[in-house]
1. Could you check the range 46-90 and list, in sequence order, the residues that are free of Cβ contacts under 8 Å to residues at least 12 places away in the same chain, assigned to a helix (DSSP H, G or I) and charged (D, E, K, R)?
2. Six or more apart or on different chains, Cβ atoms under 8 Å: show the pairs whose first residue is in the range 13-33 and under 18 Å from Val44 (Cβ atoms) and whose second is in a loop (DSSP other than H, G, I, E, B).
3. Check the range 36-45 and report whether any residue there is open to solvent by 40 Å² or more (accessible area, probe 1.4 Å) and over 18 Å from Cys87 (Cα atoms).
4. Just need a number here: residues in the range 39-64 that are more than 13 Å from the chain's Cα centre (by Cα) and closer than 23 Å to Phe10 by Cβ.
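The values are calculated or read from the model by the stated rules, or taken from the named source; none is laboratory data. The structure presented is a predicted model; accordingly, all values stated were derived computationally and were not measured. So basically every Cβ, Gly included, is an ideal-geometry build from the backbone, and we count neighbours across all protein chains shown. For the accessible areas, the whole protein counts, side chains as well, though only heavy atoms, and no ligand, DNA or RNA atoms are used. Shrake-Rupley method; radii C 1.70, N 1.55, O 1.52, S 1.80 Å.
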Amino acid sequence: MEVLFAMSIFYICYGIFGLFGKMNVAEKYRGHEWTKNYIKEIAVGDIILGVSWLILYFAEKQYDPGLVMTGLLIVLLALPSLIYVICIERKYSKLLKKD
């Protein structure tokens, strides 16, 4: 499950870069007064995902739950980040419609 480790490190690093404003965003979200806040909030979602998968990686190495259980845990631990990002997208889609 070294792929899980690599993906978690990628998402954590991408989230940290996003906190510093170095994240690619869709063209429709660029150039608004709230774009920096959008980038930072999406970056937090990436960090949440990366940290939860990193914890799973170390737990998986310790306990070896099996392939099916690991797959289910990957999806389960991705849900908080997914829900967070969906809420952020809805918030900024409404702001985009106002502009």
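1. Listed by number, the residues that qualify are Glu89, Arg90.
2. Listed pairs, sorted by first residue: Tyr14/Met23; Phe17/Met23.
3. There is no residue in the range 36-45 that is open to solvent by 40 Å² or more (accessible area, probe 1.4 Å) and over 18 Å from Cys87 (Cα atoms).
4. 8
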